[in-house]
Amino acid sequence: MGEMIKMVVVLTFLSSLSGGLLAYVKENTAQRIEDQVLQFVKGPTLKSLFKDAENDPLSDRFTIDRDKESRTFFVAKLDGKTQTVAFETFGKGYGGDVGLMVAVDVATDKIYGAGVTTHSETAGLGSMAKDDPNFAAQFAGQPLLEPIQVTGDGGKINALSGATITSRAVCVAATQAGDMYKSLKPEIEEKLKSITP
Amino acid sequence: MAKSVTHEFFKGFWEEIAPFRLVLGLCPVLGVTTKMQFGLGMGLATTFVLVCSNLLVSSLRKVIPPKVRVPCFIIIIATFVVLVEMLMQAYTYELFLQLGVFIPLIVVNCIVLGRAEAFASKNGLVLSLADGLGIGLGFTISLGALGAFREILGAGTLTLWGDPLLNIATYFPGFQAFTFMVQAPGAFVCLGVMLCGMNMLGQK
């Protein structure tokens, strides 16, 4: 009986010690891990989107919570004006989710630029969505509030050859970005006013 | 049998060097050694877990009831593995991306559990520390050597933390990368060749 109790006590003690320690470390590294993920996953795309930014869009960011989901927006200062925000949306691709970072000019509601962040598409075909700058460049200047589609579906985006599904996924992500932007615009404008990079 | 700290420390480098002599923990050994730095990073992460778990197991060895010792060891090891995973994400994110799934897999690395069961649970704190450090560093060196061997043959380069240390093409302009070496079967071949070399050296 005594041994039984000892076993329970030791295991309980070890488990709670382990849980406590891990919770403590998680609490203390969460912010840094978030920064690292941003820097290495979204950073390169953001940097190429905002080549001319006068601030660091990675650090000038804000979040909006909607439907229990937290969305992060990156603010860029261009030509002295802070009216361009970038955010990430996802579309279902051939090999999984395709992440698209969409930058939008709040004053004109037009896409300033877009770039694929993460994907697991076929190398050489779908992966061109990220690797071929001409593809993403087509999004610049498109009105974000209208659905964005590939030419085959009646839109204006030329699909990548051999990667129709991926091209559609990117368009779906862009259209979703439009829907999200539409519903969050008042809040985005509100937050932009308070940010002075 | 009297045990000396130096013996326990240095046995990990030759006599009981884990991947070669004991042929243990081969999953990360074969999986991550496509480049020297991945091997070294993985080895150091394992060393950290090994040293911490050895210390904790050794200090708790009189408290842990024999019947539940394995679950206790696993809790201890898993805690340190998750810890090292979070720390790597926070401080060496690039390396973490490369090592990926192999970091959580340290939990089931038989070297770590093996040292806890066979050594730390029977020996004192100082000896366990020496044992953990020795085996861990031996593991790191093995992974680093295997990684260097494969990287030189397979890619013709040697990089450490992103800085190229060596490029074969400067010495042998006609060098063709032996891509087989960075693929999975190349790992087995390299390991076999190195094991063979070690056995030849060890033979009287």
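In whole percent, what relative contact order does the stretch A:46-194 give with Cα contacts below 8 Å and a gap of six or more residues? Result for the stretch A:46-194 is 19 percent. Quick one: if the Förster radius is 30 Å, what FRET efficiency do B:LEU201 and B:VAL101 give, using the C-beta to C-beta distance and rounding to 0.05? Efficiency, from the Cβ-Cβ distance: 0.30.
If you model chain B as an ellipsoid using its alpha carbon gyration tensor, with each semi-axis the square root of five times an eigenvalue, the axes come out at 32, 20, 13 Å, biggest first. Compared with the alpha-carbon gap, the fully stretched path from A:THR164 to A:VAL8 is longer by 50.3 nm at 0.36 nm per residue.
Only helices enter this figure: runs of n ≥ 4 DSSP H residues, each worth -39500 (n - 2.57), summed and divided by the residues of chain A, yield -14000 deg cm²/dmol at 222 nm to the nearest 500.
How high is the FRET efficiency between A:ASP52 and B:THR170 when r is their beta carbon distance and R₀ equals 56 Å, given to the nearest 0.05? The computed FRET efficiency comes out at 0.90. With equal scatterers on the alpha carbons only and no solvent term, can you work out the Debye log10 of I(q)/I(0) for the stretch B:111-204 at 0.24 1/Å? Ignoring solvent entirely, the Cα scatterers give -1.15.
Put simply, when B:193-201, A:171-179 are sorted by average Cβ atoms within 10 angstrom per residue, most first, you get A:171-179, B:193-201. The lysines within cross-link reach of B:LYS11, meaning a Cα-to-Cα straight distance under 19 Å and a gap of 8 or more places when in the same chain, are B:LYS3, B:LYS122, B:LYS204.
Which ³J(HN,Hα) values in Hz, rounded to whole numbers, follow from the phi angles of the stretch A:58-66 under the Karplus curve 6.51 cos²θ - 1.76 cosθ + 1.60, where θ = phi - 60° and Gly and Pro get x? Taking θ as phi minus 60°, the curve returns 5, 8, 8, 9, 9, 10, 10, 9, 8 Hz for the stretch A:58-66.
Full extension of the chain segment joining A:LYS193 with A:SER70 gains 42.3 nm, where the gain is 0.36 nm per residue of separation less the Cα-Cα distance.
Among the protein heavy atoms, those of A:TYR112 account for about 80 Å² of accessible surface (1.4 Å probe, every chain in place).
Rg and Dmax over the alpha-carbon atoms of the stretch B:54-97 stand at 13.9, 41 Å. Using the beta-carbon distance between B:LEU26 and A:LYS156 and R0 = 56 Å, what value does 1/(1 + (r/R0)^6) give for FRET efficiency, to the nearest 0.05? Computed FRET efficiency for B:LEU26 and A:LYS156 comes out at 0.55. Phi angles of the stretch B:144-151 translate, via the Karplus equation with coefficients 6.51, -1.76, 1.60 and θ = phi - 60°, into HN-Hα couplings of x, 5, 4, x, 4, 4, 5, 5 Hz per residue; Gly and Pro are given as x. Summarising the amide proton neighbourhood of A:THR117: residues at separation of 5 or more, or on other chains, whose placed amide H is nearer than 5 Å comprise A:GLY99, A:LEU100, A:MET101.
In summary, the lysines within cross-link reach of A:LYS77, defined as a Cα separation below 17 angstrom excluding same-chain residues under 8 places away, comprise A:LYS47, A:LYS51, A:LYS110, A:LYS191, A:LYS193. Pair-distance distribution of the stretch A:46-194: all C-alpha pairs, bin width 5 Å, starting at 0; shares per bin in whole percent are 2, 10, 21, 23, 20, 13, 8, 3, 0.
The values are calculated or read from the model by the stated rules, or taken from the named source; none is laboratory data. No experiment lies behind these values; they were computed from the predicted model shown. Heads up, the Cβs are rebuilt from the backbone with ideal geometry, glycines too, and the neighbour counts pull from every protein chain shown. Heads up: the accessible areas ignore ligands, DNA and RNA and are worked out on the full protein's heavy atoms, side chains in. Shrake-Rupley method; radii C 1.70, N 1.55, O 1.52, S 1.80 Å.
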